[in-house]
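No lab work stands behind these numbers, since they all come straight from the coordinates. What you are looking at is a predicted structure, and each value in this text was computed from that prediction instead of being measured. Cβ placement follows ideal geometry from the backbone for every residue including glycine, while neighbour counts extend to all protein chains displayed.
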Amino acid sequence: MNCGVKVDIRDNAISKNEAACNVFLERGKTIGCFYIESPAMRGLLRRLKCNDYKILVAASSIIRPGVAQSGMMKEYIFRHNYPDRFEYFHEVFKEQLGETYGIMVYQEDVIKIALHYGGLPAADGDILRRAMSGKGRSKEALQKVKEHFFESCAQQGHPMKLSEEIYRQIESFAGYSFCKAHSASYAVESYQSLYLKVHYPIEFMVAVINNMGGFYRTEVYVHEARMSGAHIQNPCVNKSEYTTTLYGIEVFLGFMHLDGLQGKVALEIVAERERNGNYKSMEDFINRIPIGIEGIQILIFIGAFRFTGKTKNQLLVIARLILVNFKPENRNLY
């Protein structure tokens, strides 16, 4: 690591409760972090005023389509922020789901309500569990569970309108919701990546850039690194690697990000520099790297030869004059 600090990411002690991390969570400053960087998720974190790991676990589940589509995500946010301004659907919800304000957030919650409110047998609860996990899903079996649910609710004297609303919520979970352990494990990884973002922001963003993945385009992560204090530098034939690299707070973008530059050329630029030292001039570069005018133009236009002190127009003229003297049969141009 650039700071000379080793972080054991497997140490769960860093993934539970960090004051600085909690501030970032609450403000939705989580771009680049696993699972919690999308606009919807960052908005949810802000609306929940999510300032600890426990709330993050719930957020990881209620962002899922099952809770969102049932309309209960909005209700959960309201109840979380105003715990004294709502009523439970039924006493069973208070007893079984008090931790989540009477809202079904996890797969286990659905089964609890099916068993304790609906009065269904454990076998029907297992059918619901299989439906929610996508294993052994059967429309016929689910239809029987639905019939049993309403029959049992009627026998217990539950109002039909309430039972219909509750089952609507149950149905919306099928195939979408997380079990609590799944949400908790996601939240651990989210918090760990947030820890790195908070304490090692530039290093973290460089790693995200090199990962070539995430919710946003690469330029978003480059901007995030700049906002974290990095000085962003375009690729340089004497400084850049194939991937983006960090020297103190100087971030040199990697050749991998240059659209149109062949990968084998990019790798050879680095390999040749390691073998024989920095390139001294445009002429030296062309003599050492088999490259055509198109590849040279890409490097010139992004400023990869700025160390020469020559303008881009001057470099283009030099490159064309040099390359015109190379015979194709004597040089394999990439």
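Considering only 34, 24, 307, the Gaussian network model of the chain with Cα springs below 10 Å gives its largest mean-square fluctuation to 307. Rg and Dmax, both from the Cα atoms of region 195-262 and both in Å, are 11.3, 36. The length gained on full extension between residue 17 and residue 234, counted as 0.36 nm times the residue separation minus their Cα-Cα distance, comes to 74.4 nm.
The translational diffusion coefficient of region 232-334, from Stokes-Einstein at 4 °C and 1.567 mPa s with a Kirkwood hydrodynamic radius over alpha carbon pairs, comes to 94 µm²/s. Candidate values [x] 0.93; [y] 0.96; [z] 1.19 were compared with Rg/Rh (Cα atoms, Kirkwood Rh) computed on the shown model; the agreeing label is [z].
What the Cα atoms of region 12-180 give is an Rg and a Dmax of 17.1, 53 Å. Volume per residue for region 68-116 equals 73 cubic angstrom (convex hull of Cα atoms).
For region 1-83, state which trypsin sites (Lys or Arg not before Pro) are in a DSSP loop and have at most 11 other beta carbons lying within 10 Å of their beta carbon.
Numbers: sites: 6, 10, 16, 27, 29, 42, 46, 47, 49, 54, 74, 79; in loops: 6, 10, 16, 29, 49.
Listed in order of number, the matching sites are 6, 10.
Stokes-Einstein, applied to the Kirkwood radius of region 169-219 over Cα pairs at a viscosity of 1.306 mPa s and 10 °C, places its translational diffusion at 120 µm² s⁻¹. Highest GNM mean-square fluctuation among 263, 157, 118, for the chain modelled with Cα contacts below 10 Å: 157. Cβ-Cβ distance of residue 264 and residue 313, R₀ of 30 Å, FRET efficiency by 1/(1 + (r/R0)^6): the value works out to about 0.60.
A helix-only calculation puts the chain at -17000 deg cm²/dmol for mean residue ellipticity at 222 nm, using -39500 (n - 2.57) for each DSSP H run of at least four residues, averaged over all residues. Take the chain, connect every pair of alpha-carbon atoms lying under 10 Å apart with a spring to form a Gaussian network, then pick out the residue of 303, 98, 277 with the largest mean-square fluctuation. Most flexible of the set in this elastic network: 277. Legend: distances between Cα atoms for 29/280; 16/74; 29/264; 6/264; 49/197; pairs beyond 31 Å are 29/280; 29/264; 6/264.
Report the net charge of residues surrounding residue 78, where surrounding means a beta-carbon distance below 13 angstrom and charges are Lys +1, Arg +1, Asp -1, Glu -1.
+2
Mind pulling up the Rg/Rh value for region 84-220? Radius of gyration and Kirkwood radius, both on Cα. Before the final figure, lay out the partial values.
Working: Rg = 20.1 Å, Rh = 17.5 Å.
Ratio of gyration radius to Kirkwood radius for region 84-220: 1.15.
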